[in-house]
Every structure is written in C-alpha cells, then in structure tokens.
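A short write-up of the structure that comes next.
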Amino acid sequence: DHRALLDAVHALRGAGYTRLDAITPYEVEEIEHALDVPRSRIPFFAGGVSAICGALALLLLWWTNAYDYRIDVGGRPYFSFWTDLPITYETMILTCGISAFFAFFAVSGFPRLHHPWFEIEGTQDGFWIAVDAADPAYDVRLLDQLREIGALQVETWEGHVR
C-alpha cells in the first residue's frame, strides 16, 4: 500500500539515495514531499515571458499610436496608458498561458507514448520505486537493501533498479 511505499522511500532517502522516482496507481499526496521533488520553475518562466510580452505590446501600441501613425481623434492624446491597458493585459494573459503550456511539455518530456516501465507486469496497479544508477550513493548492495525494506519484486533495467 502507499504507507509501505512512503516508508521505503524514507528508508532509501535515509540511506543517502537522492535520485528516486515512484509509480502509484492513484495519487499519493505525501510522495512528492518524501521524494523531495523541487518546486517547478514554470510559473516564474511564464510570468517572465508574460511581463516581457506585455511590455512589448505596450511599446508597440505607443509606437503605432503616438509616433508612427498619429491620428488626432477628438483632441485626445496620441498615447494613453489607461486606454491601452486592456490590450496589454490580454496580451500578458495569452502569452503566459501559451508559454506555460509549451514549457510544461518541454520540461516533462511529453508526449512520451511508451516507457519501459509499462513492460513490467503490475505497474498499473502496484507501487514501485525506481533508483537511478547515476545516484552518487548507488551501490551493488541496493538489491539486498530493497528486499530488506520489503520489496516484493526487484528488477534492473538500463541503469535503473526497480
């Protein structure tokens, strides 16, 4: 169950392993904290892109209205921040959403139609931990450690131990 998975993750983290991953058949809220998954930087990226594009939109509005193509309409000023604010705001919202969408796919490696984990029987309805062989604490005794923790099945695959 998910409690045994969390205990195993804590035991492996206590043994010094840092490059861990887990598969669960349903959402386990505590697993991200147990795996020490860092917060995503996508919101900061999307916010930065949004601010830059908003500033560029405001610059474009100023350039076209106050400098390049001046039209006097009823004695109004050529450029007014308050009249151009809605267009700038909508530009920021649009670019924030689009940049976050593409950043998510770039960071997560999607779309991945196949993963070697899917070839192992039981990954759809079981709890699994993967340890990357590039982990600095990786040791050949890991298989024995996993069995001591309570693993029912241990497999190795292209640099990963499951």
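The values are calculated or read from the model by the stated rules, or taken from the named source; none is laboratory data. If you're wondering where the values come from, they're calculated on a predicted model, not measured in any experiment. Here Cβ is always computed from backbone atoms with ideal geometry, including for glycine, and neighbour counts include all displayed protein chains. Heads up: the accessible areas ignore ligands, DNA and RNA and are worked out on the full protein's heavy atoms, side chains in. Shrake-Rupley method; radii C 1.70, N 1.55, O 1.52, S 1.80 Å.
As I understand it, the value is the acute angle between the Cα axis of helix 42-62 and the longest principal axis of the Cα atoms of the chain; what does it come to in degrees, rounded to 10?
10 degrees
Expressed in nm to one decimal, what extension gain is obtained for the pair residue 52 and residue 121 from 0.36 nm per residue of sequence separation less their Cα-Cα distance? Walk me through the intermediate numbers first.
On the way: separation 69, 0.36 × 69 = 24.84 nm, distance 4.81 nm.
The residue 52-residue 121 span can extend by a further 20.0 nm.
Can you pull the one-decimal nm distance between simple spin-label points at residue 2 and residue 30, each 7 Å off the Cα toward Cβ?
About 1.0 nm, to one decimal.
Determine the gain in length on full extension of the stretch residue 113-residue 83; use 0.36 nm per residue of separation and subtract their C-alpha separation, reporting nm with one decimal.
Numbers: separation 30, 0.36 × 30 = 10.80 nm, distance 4.72 nm.
Result for the pair: 6.1 nm of gain on full extension.
Quick one: 3J(HN,Hα) in Hz for the stretch 4-16, Karplus 6.51/-1.76/1.60 with θ = phi - 60°, rounded, Gly and Pro as x.
Result, ordered by residue: 5, 5, 5, 5, 5, 5, 4, 5, 5, 5, x, 7, x Hz.
Which residues' amide hydrogens lie under 5 Å from the amide hydrogen of residue 137, considering only partners 5 or more residues apart or on another chain, with H built in the peptide plane?
Hits under the 5 Å cutoff: 18.
Helix-derived [θ] at 222 nm for the chain: sum -39500 (n - 2.57) over DSSP H runs of at least 4, divide by residue count, nearest 500? The partial results should precede the final answer.
On the way: 5 runs with 76 residues, N = 162.
After summing the helix terms and dividing by residue count, I get -15500 deg cm²/dmol.
Tell me, in nm to one decimal, what length is gained between residue 143 and residue 73 on full extension, where the rule is 0.36 nm per residue of separation less the Cα-Cα distance?
Values: separation 70, 0.36 × 70 = 25.20 nm, distance 7.80 nm.
This chain segment gains 17.4 nm when fully extended.
Tilt of helix 81-108 relative to the longest C-alpha principal axis of the chain, in degrees (0 to 90, nearest 10)?
20 degrees
Please list, by residue number, every one of the trypsin sites (Lys or Arg not before Pro) in the stretch 1-76 that is coil in DSSP and has at most 11 other beta-carbon atoms within 10 Å. It would help to have the intermediate numbers written out before the result.
Working: sites: 3, 13, 19, 39, 41, 70; in loops: 19, 39, 41, 70.
Sites meeting the loop and neighbour criteria: 39, 41, 70.
Using a 1.4 Å probe, what is the accessible area per residue for the chain, in Å²?
71 Å²
Rounded to a whole number, what % of the accessible area of the chain do carbon and sulfur atoms account for, probe 1.4 Å?
On the way: 6930 of 11540 Å².
C and S atoms contribute 60 percent here.
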